[in-house]
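Take a look at the structure below.
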Amino acid sequence: MAATLGLPPGVLNDTAVVSFNDPEALEHALSAGDVACFIVEPVMENIGLCLPADGYLQAVREITRRYGTLLLFDEVKTGITASWHGAAARYGVVPDLLAVGKSIGGGLPLGAFGGSEECMDAITTGKVLHVGTFNGNPLCMAAARAVLEEICTPEETARVIERNGRFVADCQALLAARDMPAHAVQCGAKGCVTWSDAPVRNYRDYLATDFDLAFAQWIWGVNRGVLLPPGLDEQWLLSVAHTEADIARALEVLSGFLDALEDPSRVEEL
Ligand SMILES: Cc1ncc(COP(=O)(O)O)c(C=O)c1O
């Protein structure tokens, strides 16, 4: 089904959707050998945080190679937030093509892509035209250089990811202590509370999570100065600028929310 108006039938006919974390479905979709490219987020980040099951990305790599299909990792949301070399390095799988954006621009609008020599040669030899108003925009390029060389260095990135690991673990401890139908998930410097007992393995699992509780947690935070992303399908990103005090405050606010869920008569006091 089309996600939006404006998609001509040709585009829809040329596109097949396969469920995440389902190598058999991928194999079925590619088995005729007529699919040019499989585009996938290595960690799905528009449904909270949906992690790849053990071995899934390795299976994806093997299946795409077997059927002559290019593998493109959409790392627009993962990128350096997953590890300094992206989710590809985190999971040890090398795609043919990779798209990044958001975090590498340090707040400026920037997207980039790269890939194997064979793929990129299509552009460098001029067979594929790649021109655009904002290509190589000097301001954004300078920002990306500053982010990668001076701010989110490999050491700083590792430090923030380690700190986020403690934050996510502390969130999980709060949820477990109150036996909440929720769990905390981490991917690198990102994290979220998912309002279901079971981990989210694909979009259908995500739809079965409790959106009312997710919304209540969000608005509770907004009213207390903790601004998680407004889309319930998003996740937090711990940045290099966040402090231990910020984390302590976020934990305090989550704890208050869980107290209020357990005993609504305490809402005023919390
Ligand atoms: C996973 C993912 N890929 C790609 C995009 C779109 O990226 P761009 O705005 O650079 O086209 C988005 C949206 O922001 C996204 O969430």
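The numbers here are math on the coordinates, done by the rules we state, and not lab data. These numbers were taken from a predicted model, which means no experiment stands behind them. Virtual Cβ from ideal backbone geometry, glycine too; neighbours counted across all protein chains shown.
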(message) Take the chain, mark every one of the GluC sites (Glu not before Pro) that falls in a DSSP loop and has at most 12 other Cβ within 10 Å, then report the longest stretch left between them, sites excluded.
(response) 1-267
(request) Subtracting the Cα-Cα distance from 0.36 nm times the residue separation, let me have the gained length for residue 262 to residue 166 in nm, one decimal. (result) 32.1 nm
(message) Suppose only helical runs count, i.e. DSSP H with n ≥ 4. What mean residue ellipticity at 222 nm does that imply for the chain under -39500 (n - 2.57) per run, divided by all residues and rounded to the nearest 500 deg cm²/dmol?
(response) -12000 deg cm²/dmol
(request) Average the reciprocal distances over every distinct pair of alpha-carbons in the range 139-200, invert the result, and give the Kirkwood radius in Å. (result) 13.3 Å
(request) Would you kindly state how much longer the chain becomes between residue 151 and residue 53 on full extension, computed as 0.36 nm times their sequence separation minus their alpha carbon distance, in nm to one decimal? (result) 32.1 nm
(request) Return the distance in nm (one decimal) between the two label points of a simple spin-label model at residue 135 and residue 121, each offset 7 Å from Cα along Cα→Cβ. (result) 2.0 nm
(request) Over all alpha-carbon pairs of the range 73-136, lay out the pair-distance distribution in 5 Å bins, whole %, shortest bin first. (result) 4, 17, 23, 23, 18, 12, 3
(message) What does the extension gain come out to for residue 197 and residue 36, with contour length at 0.36 nm per residue minus their alpha carbon separation?
(response) 54.2 nm
(request) Consider just the alpha-carbon atoms of the range 193-243 and return their Rg together with their Dmax, both in angstrom. (result) 12.3, 36
(request) Name the most mobile residue of 103, 239, 19, meaning the one with the largest mean-square fluctuation, in a Gaussian network model of the chain with Cα contacts below 10 Å. (result) 19
(message) So, R0 is 30 Å and r is the distance between the beta-carbons of residue 11 and residue 216; what FRET efficiency does that work out to, to 0.05?
(response) 0.20
(request) Using R₀ = 30 Å, calculate the FRET efficiency as 1/(1 + (r/R₀)^6) where r is the Cβ-Cβ separation of residue 177 and residue 246; round to 0.05. (result) 0.85
(request) Count the DSSP beta bridges whose two residues both fall in the chain, then state the antiparallel fraction as a percent rounded to the nearest 5. (result) 60 percent
(message) Given 25 °C and 0.890 mPa s, compute D for the range 99-161 with the Stokes-Einstein relation, Rh being the Kirkwood radius over Cα pairs; round to the nearest whole µm²/s.
(response) 185 µm²/s
(request) State the three equivalent ellipsoid semi-axes of the range 108-212, derived from the C-alpha gyration tensor as the square roots of 5 times its eigenvalues, in descending order and whole Å. (result) 39, 21, 12
(request) Quote the relative contact order of the chain in percent (integer), defining contacts as alpha-carbon pairs under 8 Å separated by 6+ residues. (result) 17 percent
(request) Report, please, the projected area of the range 16-141 averaged over directions, based on the convex hull of its C-alpha atoms, in nm². (result) 8.6 nm²
(request) Work out which trypsin sites (Lys or Arg not before Pro) in the chain are exposed loop sites (DSSP not H, G, I, E or B, at most 13 other Cβ within 10 Å) and give the longest gap free of them. (result) 1-126
(request) With the convex hull built on the Cα atoms of the range 157-270, state its orientation-averaged projected area in nm². (result) 7.0 nm²
(message) Over the range 1-60, what is the relative contact order in percent, taking alpha-carbon pairs closer than 8 angstrom and at least six residues apart?
(response) 30 percent
(request) Grab every C-alpha pair in the chain, bin the distances at 5 angstrom width from 0 up to the longest one, and report whole percents. (result) 1, 5, 10, 14, 16, 16, 13, 10, 7, 4, 2, 1, 0, 0
